[in-house]
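Asker: The structure follows.
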Amino acid sequence: MHFSLIPRLRFAVVAAAAASLVLTLSACAPATGPAVPTPPQNAANTLPSAHIHGLSVNGETGQVLLATHEGLYDVSKKPAVKVGPTNDLMGFAPAMDQGVFYASGHPGQGSSLPSPLGLIKTSDGGKTWEQLSRQNESDFHALTTTKSGIVAFDGALRTSTDGKTWKTVAAGFMPAVLAGNPYSDTVLATTQEGVQRSTDGGATWALDKSAPIIQFAAFASAKEAIGAAPDGTVYYSEDAGSTWKQTGKITGEVQAVAATEGTDGNPWIWAATSTGLVVSTDGGTTFRPSDAD
């Protein structure tokens, strides 16, 4: 089972690949699971790419994957190992089963996939990909999985129960990121106006005007959610995004965030930043370098 992924984003126009402090686009975690392995420590903290679009942490195996402009990297290996073909994985989301991921974006050099990728799926951890739907049509910058299926954004908000047929949702907002959990139908969408929240797998949404403005969001479990503001301030929710409390702050420009259940009641949080990969084991109060990269 996968614990969490959150793709890179900053609030911005959908087509923008990078911008200063305006949020860009980009996109799960089981409710229960075994103890999360202790993150290793190392001062060396260089990421394999300058463009991180997604971060996935598997709490059972300790595997840490980065979805980047140049493809997928396993940074649990020393040095980091590139997995599969070169594709610009703008949207990236783990499914419930180990080794299963959904992605979208654009093909890279040497790739045989169409442009844009539409929705693609791997069942072997990213080594090979199959084309599911919307090839040559959709570049899903925001992408996540829920108990009911998939929620994605390519200029329109769409939901799918099987990854092949889609329904368009008249949401009225442009999400920078979609955060979901394969054991729940609650989905969070970060926007310039605030956090949009759905409890029915993305079919209907409500703006939470009391929530903080967050740039990144991730689920550590079906109930525990993590948010990171544009300035790196970290927020924690124990009720799937209904209420939030401030915890700590991530130093450096954040590119992606992931979370897992911890062993002492505090979720563990990973962040890919401009200075490397950092981890918090106290619910986001403090962060330190992780040598998973």
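The values are calculated or read from the model by the stated rules, or taken from the named source; none is laboratory data. All values derive from a computational prediction rather than experimental measurement. In this analysis, Cβ positions are derived from the backbone assuming ideal geometry, glycine residues included, and neighbour counts consider all displayed protein chains. In case anyone asks, the SASA skips ligands and DNA or RNA and just uses the protein heavy atoms, side chains included. Shrake-Rupley method; radii C 1.70, N 1.55, O 1.52, S 1.80 Å.
Asker: Using only alpha carbon pairs under 8 Å that are at least six residues apart, calculate the relative contact order of segment 85-229 and give it in whole percent. Show your work: numbers first, answer last.
Answerer: Details: 401 pairs, mean separation 21.3, N = 145.
So the answer I get is 15 percent.
Asker: Residue by residue, what Karplus-based ³J(HN,Hα) values in Hz, rounded to whole numbers, does segment 238-250 have, using 6.51, -1.76 and 1.60 with θ = phi - 60° and x for Gly and Pro?
Answerer: With the stated coefficients, segment 238-250 comes to 9, 10, 6, x, 6, 9, 9, 9, 7, 10, x, 8, 9 Hz.
Asker: Roughly how many nanometres apart are two label points built 7 Å out from the Cα toward the Cβ at residue 231 and residue 274?
Answerer: 1.6
Asker: Now for a different question. Taking a probe of 1.4 angstrom, what is the accessible area of residue 139 in Å², to the nearest 10?
Answerer: Here the accessible area works out near 30 Å².
Asker: OK, next. With +1 on each Lys and Arg Cβ and -1 on each Asp and Glu Cβ, and nothing else charged, work out how big the dipole of segment 144-293 is about its Cα centre, in Debye to the nearest 20. Kindly include the intermediate steps, with their values, before the conclusion.
Answerer: Values: 10 positive and 16 negative charges, 74 e Å.
My answer is approximately 360 debye.
Asker: Ordered by residue, what ³J(HN,Hα) values in Hz, to whole numbers, does segment 174-188 give under the Karplus form 6.51 cos²θ - 1.76 cosθ + 1.60, where θ = phi - 60° and Gly and Pro are x?
Answerer: In residue order, the calculated couplings are 10, x, 7, 9, 10, 10, x, 8, x, 10, 8, 9, 7, 10, 10 Hz.
Asker: Convert each backbone phi in segment 82-98 into a coupling constant with the Karplus relation 6.51 cos²θ - 1.76 cosθ + 1.60 (shift: θ = phi - 60°), then list the ³J(HN,Hα) values in order as whole Hz, x for Gly and Pro.
Answerer: 6, 10, x, x, 7, 9, 7, 8, 6, x, 7, 8, x, 9, 5, 7, 5
Asker: Please work out the C-alpha center-to-center distance from segment 233-293 to segment 65-116 and express it in whole Å.
Answerer: Each part's Cα centre sits 23 Å from the other's.
Asker: So how far apart, in nm, are the two label points at residue 165 and residue 246 if each is 7 Å from Cα heading toward Cβ?
Answerer: Spacing of the two 7 Å Cα→Cβ label points: 4.8 nm.
Asker: Name the residue farthest towards the positive end of the dipole of segment 64-137 from the options 91, 131, 109, assuming +1 on Cβ of Lys and Arg, -1 on Cβ of Asp and Glu, about the Cα centre.
Answerer: So the residue furthest toward the plus end is 109.
Asker: For residue 249, enumerate residues with amide H under 5 Å from its amide H, sequence gap 5+ or separate chain, H modeled in the peptide plane.
Answerer: For residue 249, whose amide H was placed from the backbone, the distant partners under 5 Å are 234.
Asker: If you don't mind, there's one more thing I want to ask. As a test question: what accessible area, to the nearest 10 Å², does residue 51 have when a 1.4 Å probe is rolled over all protein chains in place?
Answerer: 80
Asker: Search the structure for amide H atoms under 5 Å from the amide H of residue 63, placed 1.01 Å from N in the peptide plane, and list their residues when 5 or more places away or on another chain.
Answerer: Residues meeting the amide H criterion: 58.
Asker: Here's another thing I want to ask about it. Work out the FRET efficiency for residue 123 and residue 82 from their Cβ-Cβ distance, taking R0 = 22 Å, and round it to the nearest 0.05. Could you put the intermediate results ahead of the total?
Answerer: On the way: r = 19 Å, r/R0 = 0.84.
Efficiency for this residue pair is about 0.75.
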